[in-house]
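One structure is given here, and the rest of the page talks about it.
No lab work stands behind these numbers, since they all come straight from the coordinates. Remember, it's a predicted structure, so these values are computed and weren't measured experimentally. Glycine also receives a Cβ, built like all others from the backbone with ideal geometry; neighbour counts cover every protein chain displayed.
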Amino acid sequence: MASDVRITGVTKKYKNVTAVDNLTLAIPEGEFVSILGPSGCGKTTTLRIIAGLAEADAGEVYIGGTDVTSVPPYRRNIGMVFQDYALFPHMTVRDNVAFGLRMRKIPAAKAHEKADEMLALVHLSGMGERRPNQLSGGQQQRVALARALAIEPSVLLLDEPLSNLDLKLRQEMRVELRRIQRRVGTTAVFVTHDQGEALSLSDRVIVMNQGRVEQEGNPVSLYENPRTRFVAAFLGDANFFRGQLNGGLVLSDGIMLEPRCGDANTGGKEVAVLVRPEKIRIGTEPTDGVNTAIGVIDSLTYLGSQTRYYIQLRTGRIVTVDSVETRVYSEGTEVTLAWSRNDCIVVKEDAIDAE
């Protein structure tokens, strides 16, 4: 049965490095949450503390309303899927999946029956007698997921489980992982540095930086409304303009910007303004006014479904534009750029909001 997860005031230090800094999180029952951030931000340490594989220096961990801070991992009823799969090479696939059940003294016949049920869930029926080395990477990852789910965990913890797969397989496994989690209904906490994984899989994304939460929310709200430059840059490609906010307008690189919104208290102050590459329209028709610019195509990359342009403005600055138009402009072409007020966002420069 799924359980909620709460951690309160958790801090973890390694010598003089603070990996997790007074962190408080609440993950509702049945939710799929991704903890996203760069290497060293504290996301894996947070997962290990929830699992009981690392001991916090301060703070508490609750699963299903029960304080498990001092409870060993094997008594927390959690399932874990690791980056390297951690399958037993000498065991069959069925025995790997049944391992947790056997450790719980479940009779072999019943454990194997449950293992076969889990293998069917991950589309690996008929492969129970194979060894892990006879499977592809994607199949091994499904076995690891089946093993974690076989014990019917209250919480499923996933530590970058897709990072060793190639791009196409990784995309396929995202769909499968979400399908399976929804079907079984378990609470899932997924750690990743890949923003595509986090955005496509999650009910909610928690962006961490320097051991703390930078911002959290559903994928759409985070991507469309980042509060800080760090979140905006980490959740996708971005063009940033710096200028002074006065009367709702920002002058930057010779361009007059009219942001959608901004902190009313930043009037007259230097601000950063975000415009996503896919929000910019490219053309050759004359344009003038706010949120428009003129430049020359410095270089481009054709990506099939879209073309990425690198546009040099008259100030020498390079702006990135992603266009899905069938027309492809050539290098050296003078083009006009335009974007709407709703796609022009003021963000904070500081990495962690002041408390």
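With the simple spin-label model, which puts each label point 7 Å out from Cα in the Cβ direction, the N164 to V328 separation comes to 3.7 nm. A Gaussian network model of the chain, with springs between Cα atoms under 10 Å, assigns the largest mean-square fluctuation among F32, F88, F234 to F88. Using a Gaussian network for the chain with springs between C-alpha atoms less than 10 Å apart, which of these wobbles most: V328, V319, V275? Maximum among the listed residues: V328. Over all pairs of different C-alpha atoms in the chain, the reciprocal of the mean inverse distance, the Kirkwood hydrodynamic radius, equals 22.7 Å. Taking amide H as placed 1.01 Å from N in the peptide plane, the amide H of E31 sits under 5 Å from that of A188, each at least 5 places away or on another chain.
Remark: relative contact order (the chain) = 16 percent; criterion is Cα-Cα distance under 8 angstrom and separation of 6 or more residues.
Taking the Cβ-Cβ separation of E55 and S200 as r and a Förster radius of 35 Å, what is the calculated FRET efficiency to the nearest 0.05?
Given R0 = 35 Å and the Cβ-Cβ separation, E is 0.60.
For the stretch 266-355, what class follows from the C-alpha gyration tensor (a ≥ b ≥ c being the square roots of its eigenvalues): rounded when a/c is under 1.5, otherwise prolate if a/b is larger than b/c, else oblate? Taking the square roots of the gyration eigenvalues as a ≥ b ≥ c, the stretch 266-355 is prolate. The HN-Hα couplings worked out from phi for the stretch 306-317 by the Karplus form 6.51 cos²θ - 1.76 cosθ + 1.60 (θ = phi - 60°) are 7, 10, 9, 10, 10, 9, 8, 6, 5, 7, x, 5 Hz, whole numbers, x standing for Gly and Pro.
How big is the Cα convex hull of the stretch 1-89 in projection, averaged over all directions, in nm²?
The number I arrive at for the stretch 1-89 is 6.7 nm².
Name the longest site-free stretch of the chain, where the excluded sites are trypsin sites (Lys or Arg not before Pro) in a DSSP loop with no more than 16 other beta-carbon atoms within 10 Å.
Working: sites that count: K15, R104, K105, R130, R260, K269, R314, R317, R327.
Longest site-free region, per DSSP loop and neighbour criteria: 131-259.
Note that the stretch 321-326 has calculated 3J(HN,Hα) couplings of 10, 10, 10, 9, 5, 5 Hz, one per residue in order, obtained from phi through the Karplus relation 6.51 cos²θ - 1.76 cosθ + 1.60 (θ = phi - 60°); glycine and proline are x.
Taking Cα atoms only, the orientation of helix 93-103 departs from the longest principal axis of the chain by about 70 degrees. The distance from the alpha carbon centre of the stretch 64-86 to that of the stretch 133-189 is 16 Å, rounded to a whole number.
Lysine pair count for the chain (Cα-Cα distance under 25 Å; residues 8 or more apart in sequence or on different chains): 7.
Name the shape class, rounded, prolate or oblate, that the alpha-carbon gyration tensor gives for the stretch 177-322, where a ≥ b ≥ c are the square roots of its eigenvalues, rounded holds for a/c under 1.5, and otherwise prolate holds if a/b is larger than b/c and oblate otherwise.
Here the stretch 177-322 falls in the oblate category.
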